[in-house]
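Following: one structure in structure tokens, then a few remarks.
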Amino acid sequence: MTKYILTLLLIFDISYSMNRSISGQLEPDRNLMFSQDIRTKSKVVSVQAYNTETLQYYATNAKLARIVSFDGGGVRGIGAASWCANFEHITGKPMADLFNFFAGTSTGGIIATALTMENPKFFKPPLSSAEYIDENANFFKPSPSDAFAGTSTGGTASTTSITKNLTLSKRSSGNAEVNANKSTRSLYSADDIVDLYINECKNIFKPRSLLGYLFVSKYKTDSAYATFDKYFSNTKLSQIRSDCDLLITYYNLTNNHPALFRSHKAKNPIFSRNEDFYLKDIIASTTAAPTYFKEFKLYSAHSKGHPEIHSNNFISAIDGGVAANDPSICALAEATSLYRNADAFLSVSMGTGNCVSEVNPRGLISWAKNISSILMQNTYVMSNQLLKKFGGNSNKPVFCSRLQFDVSEAHSAMDNKSPQNISYLRHQAQNTSSAIWKIEKISNALEITKKPERHDLIGDILFSESNVMEI
């Protein structure tokens, strides 16, 4: 009898092990995904290699909504732009082919907006039957007996192959028309944005006279706006890539509250009259940092088209960094409500340099010098804490990754446009091993898959709080 029981237990143990092994190949071990943080009651995982394996599983087998956000920080934004170039060089794809949702504050707004601009000269090759079915799966679903039904998988591989072989050649920085070519759907590569910082900071930060500095602002608005016009021309928020969403922060001085530019509202006919703006005006608004630039008179695209009616219908806008220098939590909140049909979320947040130094301002001039760095550090800490609150009881995980580099106090100024300083900032970002490691791991997970289509992510399922994991 004892031998019989032992035999049954042995068979059960072998069967259980086999089932566990097979199921392990199909989905990741939940014990590896989450570890309970008693203090925050949210499910947070530290930086470990297996988290990227879990990310790769969701990127391959589920609808993973991909979010990238960029902090404010003036010339220090070149660090984040260089990281975007790393993503593009590793994957061979433009950032807008890797991520669904882009967000930015101030200088981060320049990066996010430029990466989502549509190339007017892009030529998309005609699709094969299989590729057409794959791209329009929600609108055209063949029956099992349909002759094309067995070839849709092949279409996915072919489409991925075409995207993988895109050539992201470094183009000369300049205006939008000169930059456009037929090779990619995105107008600007990340290398172009790096060049923007190298070549255009001297034009963006053109100082006023001492009297102008005391009574208006440190830098001329007209010179900066001319640069924005050169790169963003007369493109509207509603005209960015249709497969991307864009969120830019600013502060509304007229009504005294933080505000957001949202591309999904600009593209909606119900809201477009008041929510669609020229990209150059959006950039001028989100970069209007107090004391550096004067407030920007913001008109909607509709108001600009009818000046005889709406000449006084404007908003006084200043830098979004006043309220949300790190826009990652704004981006995640917006994306989770917009992409209600997503299975999981990836949030990559790029900083613009961390300067660890004692701040002890006294008097008006000292506060004016230090207030920006205080606000920048404070909003990041708050965003990080709020991000963890997304952890809860939901089974929708959020993979979060923060990229940051250190800067010395001598190089911490947001308006130090000297070639030596810009070179130093770029070097610091590229030599931050933790950030480069994360970029490589995330790139490896994303490059083998095609990002989910926007219409697949937007569904009718109500969103609830998600679990948070760090990569």
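The values are calculated or read from the model by the stated rules, or taken from the named source; none is laboratory data. The shown structure was predicted, so the numbers you read here are calculated from the model rather than taken from an experiment. Here Cβ is always computed from backbone atoms with ideal geometry, including for glycine, and neighbour counts include all displayed protein chains. Accessible surface areas use protein heavy atoms only, side chains included; no ligands, DNA or RNA. Shrake-Rupley method; radii C 1.70, N 1.55, O 1.52, S 1.80 Å.
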- Item | Most to least accessible of C355, C84 (protein chains only, probe 1.4 Å) | C355, C84
- Item | Separation of the I436 and E409 label points, Cα + 7 Å toward Cβ, nm | 2.9 nm
- Mind checking the dipole of segment 392-452: about its Cα centre, +1 per Lys or Arg Cβ, -1 per Asp or Glu Cβ, Debye to the nearest 20? 380 debye
- What is the pair-distance distribution P(r) of segment 250-348, computed from all Cα-Cα distances in 5 Å bins starting at 0, with each bin given as a whole percent? 3, 12, 20, 21, 20, 12, 8, 3, 1, 0
- Between the residues T336, N354, I282, the Cα farthest towards the positive end of the dipole of segment 270-360, that dipole coming from +1 and -1 charges on the beta-carbon of Lys, Arg, Asp and Glu, is from I282
- Message: With just the Cα atoms defining each centre, how far is segment 92-111 from segment 225-251? Give it in Å.
- Response: 11 Å
- Query: What is the local net charge at A59, summed over the other residues whose Cβ is closer than 12 Å to its Cβ (Lys, Arg +1; Asp, Glu -1)?
  - Reply: +2
- Given the protein chains as shown and a 1.4 Å probe, how many square angstrom of E409 are accessible, to the nearest 10? 130 Å²
- If the chain between L214 and N268 were fully extended at 0.36 nm per residue, the gain over the current Cα-Cα distance would be 15.2 nm
- Task: For L346, list long-range residues whose amide hydrogen, built 1.01 Å from N in the peptide plane, is under 5 Å from its own amide hydrogen.
- Result: A65, R66, I67, F399
- Task: Provide the net charge surrounding N274, with neighbours chosen by a C-beta distance below 14 Å and charges set as Lys +1, Arg +1, Asp -1, Glu -1.
- Result: +3
- Task: Quickly rank 69-77, 220-228, 102-110 as a protection proxy: mean count of other C-beta atoms within 10 Å, highest first.
- Result: 102-110, 69-77, 220-228
